[in-house]
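Some notes on the structure that comes next.
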Amino acid sequence: MNNESERRIARNEALLREVNESIERGRWPGDEGRPLKFRCECASLDCNENIAMTREEYEHIRDDGRRFAIRPGHEAEECEEILETHDAYLVVEKLDKAGEAAERLDPRS
Ligand SMILES: [Zn+2]
């Protein structure tokens with residue numbers, strides 16, 4: 001993969017993370033413990049699948065700027081490692097350059 005497409009993917013993933021942050025902020029009172037519909041944060045530019053996760057599950061992933069929530073099967077094994085496997089989603093950690101880009105683009109950092 002060349003640098004240009006790596007950058008495009010990193011920007012896309014950072015954008016999805018911001019979408020998910022606003023989904024999380026937009027929850028209603030009483031939503032605690034109920035699953036919200038987050039966007040899959042995978043590297044595919046045309047993926048628009050949803051992941052049902054509670055706010056607590058999402059927060060657990062967002063503790064680390066290199067971690068993303070993706071649908072099973074959407075992993076890119078050459079640049080990420082699967083840390084957790086759930087029915088609805090996987091937790092992946094970006095490696096090497098992809099990890100550095102993910103941390104740099106983390107809206108919370
Ligand atoms: Zn996806």
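Remarks
- Prolate/oblate/rounded call for the stretch 11-109, Cα gyration tensor, a/c under 1.5 rounded: prolate
- Gyration tensor verdict on the stretch 69-109 (Cα atoms; rounded if a/c is under 1.5, prolate if a/b is larger than b/c, oblate otherwise): oblate
- Take every pair of alpha-carbon atoms less than 8 Å apart whose residues are at least six positions apart; their mean separation over the length of the chain yields a relative contact order of 23 percent.
- With coordinates expressed along the principal axes, the C-alpha atoms belonging to the stretch 26-81 extend over 40, 23, 16 Å, beginning with the largest.
- Residue-averaged [θ]222 nm for the chain, counting only DSSP H segments that reach four residues, each worth -39500 (n - 2.57): -11500 deg cm²/dmol
- Environment charge of LYS94, counting only residues whose C-beta is closer than 9 Å and scoring Lys/Arg +1, Asp/Glu -1: -4
- Once the Cα atoms are used to define both axes, helix 3-25 deviates from the longest principal axis of the chain by about 10 degrees.
- Other residues within the sphere of radius under 12 Å centred on the Cβ of ILE51, judged by their own Cβ, net out at -1 (K and R +1, D and E -1).
Each value in this text was obtained by applying a stated rule to the coordinates, not by laboratory testing. As the structure is a prediction and not an experimental result, all values here were calculated from the model. Positions of Cβ are generated from backbone atoms using ideal geometry, with glycine treated the same way; all protein chains shown enter the neighbour counts.
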